[in-house]
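Data first, discussion second: the structure below is written as C-alpha cells.
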Amino acid sequence: MKFGVVIFPGSNCDHDAFYALSHNLGKNTVFLWHQSEDLEGSDAIILPGGFAYGDYLRTGAIARFAPVMRSVRRFADSGGPVMGICNGFQILVEAGLLPGALMRNRGLRFICRAVYLRTETTDTPFTSDLRPGQVLAMPIAHGEGCYYADAGTLDQLERDDRIVFRYATPTGEPTEEANPNGSMRNIAGIVSEGRNVLGMMPHPERASDPLMGSADGLRIFASLASWLAQGACQEAVRLAGLVRHTL
C-alpha cells in the first residue's frame, strides 16, 4: 500500500500529510512532484493544503493545469481514491473533479482555529471506519473556504448522500454559529459521483497525533487504508480463485 502526496509550488502542508501517513499511520508514503506525471504506483493520492502557485488568479486555478493533474484525473477516472485537503479541495473543484466553488470566507478574513465536523456518510473510502453522526475535532486554516453551489447542485449532493462532513457543534448540531466561513448548508467536505474523490477544507493531517490536540484526523486516513486493504484482499481472493480454476 502506497500513498502519494503531491507537492505544488506553494504547498505548505505536504510534509504534515507525509508525516501523518508515514509516521502516525505507518504506511509507505512518497512525494509526487507537480511537474511529473508519474504517480509512482501510488494506491491513493493526497493533494495537500497551502497556496499552490501563490493562489494567483484564484485558489487552485493554476494548479489544475500542472502536469501531475493529468495523471491524477486519469487515476480518479479509473476509480483511484483522491483526497484534496483545503487548497487541495480548491484544486479539485477548479479541475472539475468536484462540483461547486470555494469562495472568500464570510467576514472576508483568514480563519485559523479548531472546528467540529459531523460525519454525514460512511459510504466512502475515507469514512468507512467512522460512525454516522460521529463528531471529529480538527483545525481549519483558510481565507477562501466558503463552499458555494447552486440550489440544484446542493439538492443533488443531498440526494446522492455525497455531503461527507458538515461544520457542527461539539454535540453534532450543524448550527449557523458552528459554521466558521459561511459555507452553504454547513458543508465542510463532499465526494464525487464515484465516491472516490474527497474534498474537505479542515486539516486531518494537523489532527493526527494526540500531541497536536486531536487525533481525530487520523481516523480518516485509517479509513482509507482499511478500504485499500480490503480491496487488496478481495483481489487476492479473486486471483486465488482464478489459479484454482486453471489448475
| remark: Under 20 Å by backbone N from the virtual spin label 7 Å along Cα-to-Cβ at D77, the residues of segment 35-49 are 35-47
| Unit charges on C-beta of K, R, D, E only; dipole of the chain, Debye | 100 debye
| remark: Between the Cα axis of helix 67-77 and the main Cα principal axis of the chain, the angle (0 to 90°, nearest 10) is 70 degrees
| message | In segment 164-187, whose amide N lies under 13 Å from the spot 7 Å out along Cα-to-Cβ of A151? List them in ranges. | response | none
| task | Compute the FRET efficiency between R106 and T171 as 1/(1 + (r/R0)^6), taking r as their Cβ-Cβ distance and R0 = 30 Å, and round to the nearest 0.05. | result | 0.85
| remark: Note: R70 to L57 extended length (0.36 nm per residue) minus current alpha-carbon separation gives 2.6 nm
| task | Loop sites only, by DSSP: take the chymotrypsin sites (Phe, Trp or Tyr not before Pro) in the chain that have at most 16 other C-beta atoms within 10 Å and name the longest stretch containing none of them. | result | 111-247
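We did not get these values from a lab; they are worked out from the coordinates using the rules stated. Small disclaimer: the values here were computed from a predicted structure and weren't measured. Here the Cβ is made from the backbone with ideal geometry for all residues, glycine too, and neighbour counts use every protein chain on show.
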